[in-house]
Amino acid sequence: MLYLIGLGLGDAKDITVKGLEVVQRCSRVYLEAYTSVLTVGKEALEEFYGRKLILADREEVEQNADNILRDADLSDVAFLVVGDPFGATTHSDLVLRAAKKGIPYRVIHNASIMNAVGCCGLQLYNFGETVSIVFWTDTWRPESFFDKVKKNRQNGMHTLCLLDIKVKEQSLENLIKGRKIYEPPRYMSVNQAAQQLLEIVENQRVRGEEPAITEETLCVGLARVGAEDQKIAAGTLQQMRTVDLGGPLHCLIITGGSLHPLETEMLNLFSIPEDASECHNSDSL
């Protein structure tokens with residue numbers, strides 16, 4: 001059996017009891033290591049689970065999936081995913097590969113950012129399509145995702161923005177020369193996402209377009225959702241450019257414009273103070 005097991009969002013203890021029981025009896029246990037990260041490292045997971053973990057990077061999962069599936073029809077193999085197993089489309093591909101090989105599979109779900117964002121008080125059924133914001137480069141500055149933000153706003157829906165993660169990335173020079181030298185990990189912050197959004201807004205104005213959001217649009221920044229030091233800040237897009245939410249992982253919500261009174265009341269708990277560094281911990285509730 002191939003098991004896809006969600007680890008939740010906090011630390012080693014967020015795995016479900018069912019998931020932990022499976023991990024402890026599997027012949028091999030892989031840890032997916034590129035779509036998200038926990039606040040604790042691989043060693044902390046190994047100590048709590050009582051098992052050695054095999055790190056599976058993007059290349060391993062997308063190009064060498066047969067290694068993960070090897071003998072999974074004869075013994076139990078676990079594939080661990082931060083959050084929920086189906087938070088990334090890559091994991092659907094792994095299921096399809098297993099099915100084609102006649103390998104049975106089972107999914108053990110857990111909390112993911114897709115539902116945990118409700119901690120800020122915005123109601124989940126008021127969210128529209130989720131978007132991803134990637135790091136811009138000197139030659140690549142995509143804005144296409146902004147069309148989905150506009151559509152959500154037109155429908156009065158909030159937009160969850162998942163922010164870019166760069167893990168085990170090669171520079172262009174090393175990639176061309178085939179050198180297995182990797183850049184340090186990078187995690188997009190709410191500040192960086194807000195800055196890129198503000199530039200898109202200005203670009204649209206320059207082109208004579210009416211942007212779907214402005215500097216004064218109400219947004220919510222979240223950091224390390226599910227961890228003990230979770231932080232939430234609600235304020236304008238302009239304020240998001242300078243607010244300090246600390247270390248990764250971050251995500252950003254662009255509100256849909258019209259808020260339910262309960263949503264407004266909840267966001268007031270997390271409004272950015274004059275000293276933007278004093279953002280609210282999750283225990284504000």
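The values are calculated or read from the model by the stated rules, or taken from the named source; none is laboratory data. In this text, all values refer to a predicted model and were calculated from it rather than measured experimentally. Here the Cβ is made from the backbone with ideal geometry for all residues, glycine too, and neighbour counts use every protein chain on show. For accessibility, only protein heavy atoms count, side chains too; no ligands or nucleic acids. Shrake-Rupley method; radii C 1.70, N 1.55, O 1.52, S 1.80 Å.
For region 179-220, the list of trypsin sites (Lys or Arg not before Pro) that fall in a loop by DSSP and count at most 15 other C-beta atoms within 10 angstrom reads R179, K180, R207. Expressed as a fraction of 2.2 N^0.38 Å, the C-alpha radius of gyration for the chain is 1.07. Could you identify which residue out of L96, L53, L222 has the top mean-square fluctuation in a GNM of the chain using Cα springs shorter than 10 Å? Highest fluctuation among the options: L96. With a simple spin-label model that places each label point 7 Å from the Cα along the Cα-to-Cβ direction, the separation between V37 and T89 comes to 2.5 nm.
Counting protein heavy atoms only, the chain has 49 percent of its accessible area on carbon and sulfur, 1.4 angstrom probe.
Could you pull out which residues in region 251-275 have an amide N less than 20 Å from a spot 7 Å beyond the Cα of N203, following the Cα-Cβ vector? Those under the cut-off are 252-254.
Among K42/K180; K13/K100; K18/K180; K166/K231, which pairs are too far apart, with a Cα-Cα distance over 26 Å? Going by Cα-Cα distance, K13/K100; K18/K180 fall outside the 26 Å limit.
The residues of region 18-57 expose, per residue, 49 Å² of accessible area to a 1.4 Å probe. Could you please report the charge total around I254, scoring K, R as +1 and D, E as -1 over all other residues with beta-carbon less than 11 angstrom from its beta-carbon? Result for the local shell: +3.
Remark: C-alpha extents of region 1-159 on the principal axes read 52, 34, 31 Å, sorted largest to smallest. How high is the FRET efficiency from Q123 to Q63, r the C-beta distance, R0 45 Å, rounded to 0.05? Working from the Cβ atoms, E equals 0.65.
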